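J.: What follows is a single structure, and I will ask about it in a moment.
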Amino acid sequence: MKRMFVRCVIKGKRETGLVENGIIYRLEGDMFGEYTRGPALGSVDEAERFLPPVEPSKVAAVGLNYRDHAIEVGLPIPEEPLLFLKPSTTVIAHGDPVVYPAHMTERVDYEAELAVIIGRKCSRVEPGEAEDCILGYTCANDVTARDLQSKDGQWTRSKSFDTFCPLGPWIVSGIDPSDLEIGMYLNGKQVQHSRTKNFIFPVDVLVSHISKVMTLLPGDVIITGTPSGIGPVKKGDVMQVKIEGIGTLENVVE
């Protein structure tokens, strides 16, 4: 059953809600456990701002998970998922600005990605058990200081600046992640396009593999890699990640 969970400020209050037919209902309980639908709080359009859909202990990220992107950057197709971490301080919400750290980098890139939201503690699970560990999915933008990624030879600094992991606008559960259309739009022009069927490693394999490295906790996020078409942004640019069945994540560079 499809469900949409949202965290937002509406009518001056921070709320966690369920979205149904464009209306936000208060979520009574815990989205990771038992909950019921409470009273209506207003329409999605009445939300004054969105909050990050979760507050993860970590963002586990996957590099080079689309074959065309690996070719684009001139790297070999990985034989197993290539992992890195983004700190929780990178996470911002739909509508929040991405801050360009001009004091340290001269090139910042967008990367449209599908994000997996972990729903329960899981460790050393097999691919067939992965679905039971997932709460749902949202849009992600793996913002990257591309020049630092090349300069450092590893990815920590380039991926870890504050505001470099927009997520949102909400979490959608009950959808099949195996063949979703994904795109990035820069100032209204489409610059990335693919489908998740083009993953090298599908979601269940990623969850299993990562859980055999680190314990995944409720609210943790896995971002699943970006397709070809990466490119730079400048201050004032509007980035939109659009994923079929989920929605649009929009952030401005400042």
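J.: Report in % the part of the accessible area of the stretch 150-254 that belongs to carbon and sulfur, leaving out ligands and nucleic acids; probe 1.4 Å. Present the calculation step by step, with values, prior to reporting the outcome.
T.: Working: 2060 of 4080 Å².
Solvent-exposed carbon and sulfur of the stretch 150-254 make up 50 percent of the total.
J.: Let me ask something additional. Hey, in the chain, which Cys have no second cysteine's beta-carbon closer than 4.7 Å?
T.: If one checks each Cβ against the other cysteines of the chain, Cys8, Cys139, Cys165 turn up with nothing under 4.7 Å.
J.: Excluding the sites themselves, what is the longest stretch of the chain that contains no trypsin sites (Lys or Arg not before Pro) in a DSSP loop with at most 15 other C-beta atoms within 10 Å? Walk me through the numbers before you get to the answer.
T.: Numbers: sites that count: Lys2, Lys11, Arg120, Lys121, Arg124, Lys212, Lys234, Lys235.
Maximal segment without exposed cleavage sites: 12-119.
J.: Averaged per residue, what accessible area in Å² does the chain show with a 1.4 Å probe, protein chains only?
T.: On the way: 11100 Å² over 254 residues.
The answer is 44 Å² per residue.
J.: So, with a 1.4 angstrom probe, what is the percent of accessible area on the stretch 14-117 that is carbon and sulfur?
T.: Working: 2450 of 4980 Å².
Reported share for carbon and sulfur atoms: 49 percent.
J.: How about the stretch 1-87: which GluC sites (Glu not before Pro) there are in a DSSP loop, with at most 13 other Cβ atoms within 10 Å of their Cβ?
T.: Working: sites: Glu15, Glu20, Glu28, Glu34, Glu46, Glu48, Glu72, Glu79; in loops: Glu34, Glu79.
For GluC sites (Glu not before Pro) across the stretch 1-87 that sit outside H, G, I, E and B with at most 13 neighbouring Cβ atoms in 10 Å, the list reads Glu34, Glu79.
J.: State the three equivalent ellipsoid semi-axes of the chain, derived from the C-alpha gyration tensor as the square roots of 5 times its eigenvalues, in descending order and whole Å. Intermediate values should be presented prior to the final figure.
T.: Working: eigenvalues 150, 99, 51 Å².
Semi-axes, largest first: 27, 22, 16 Å.
J.: Further question: Given the -39500 (n - 2.57) contribution per DSSP H run of 4+ residues, what per-residue ellipticity at 222 nm results for the chain, rounded to the nearest 500 deg cm²/dmol? The partial results should precede the final answer.
T.: Values: 4 runs with 26 residues, N = 254.
Dividing the helical sum by the residues of the chain leaves -2500 deg cm²/dmol.
J.: Over 20 Å between Cα atoms: which of Lys197/Lys242; Lys121/Lys242; Lys2/Lys58; Lys189/Lys234; Lys151/Lys189 fall into that group? Mind showing how you got there, number by number?
T.: Working: Lys197/Lys242 16 Å; Lys121/Lys242 28 Å; Lys2/Lys58 25 Å; Lys189/Lys234 15 Å; Lys151/Lys189 29 Å.
Where the Cα-Cα span goes over 20 Å, the pairs concerned are Lys121/Lys242; Lys2/Lys58; Lys151/Lys189.
The values are calculated or read from the model by the stated rules, or taken from the named source; none is laboratory data. Treat the numbers as computed from the prediction; the structure is a model and nothing was measured. Using ideal geometry, Cβ is built from the backbone for each residue, glycine included, and neighbour counts are taken over all protein chains shown. The protein model used for the area step is the full one, side chains on, heavy atoms only, and it has no ligands, DNA or RNA in it. Shrake-Rupley method; radii C 1.70, N 1.55, O 1.52, S 1.80 Å.
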